[in-house]
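A short worksheet on the structure shown next.
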Amino acid sequence: MRLTLLTDRAEYVLQELGNKCRIIETDIEFTRIEILDLNPSTMLSLFHAGHKAGFDACLTEVKRKFKTAGFNNY
């Protein structure tokens with residue numbers, strides 16, 4: 001199975017799957033990854049990678065909004 005992801009989110013998949021995947025092609029915006037061992041455990045790891053990427057993006061945005069609103073000690 002092959003995935004094309006935004007490059008900044010590909011790091012989460014690579015971190016979760018380790019040697020079960022490999023990078024096929026990468027550029028500034030997109031990274032293509034091949035999943036080598038596709039099974040239910042791998043699919044769960046992909047879910048966790050997406051969850052972590054979304055959570056980190058949300059946390060970054062919340063911090064930015066707090067800083068913009070003048071809250072420095074949060």
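Kindly establish whether THR60 is out of contact with any Cys (no Cβ under 9 Å at 6 or more places or on another chain) and on the phi < 0 side of the Ramachandran plot.
yes
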Cβ contacts < 7 Å: first residue of a type in the set (A, V, I, L, M), restricted to segment 50-74; second residue surrounded by 12 or more Cβ atoms within 10 Å (Cβ to Cβ), any location; separation 6+ or different chain. Result? ALA53/ARG9; ALA53/TYR12
Need a quick list: strands (runs of 3 or more DSSP E) entirely within the chain having at least 1 residues that are surrounded by fewer than 11 Cβ atoms within 10 Å (Cβ to Cβ). 2-6
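None of the figures in this text is laboratory data; all of them are computed from the coordinates on show. Note that this is a predicted model, so its numbers are computed, not measured. Methodologically, a virtual Cβ is constructed for each residue, glycine included, from the backbone with ideal geometry; neighbour enumeration extends over all protein chains shown.
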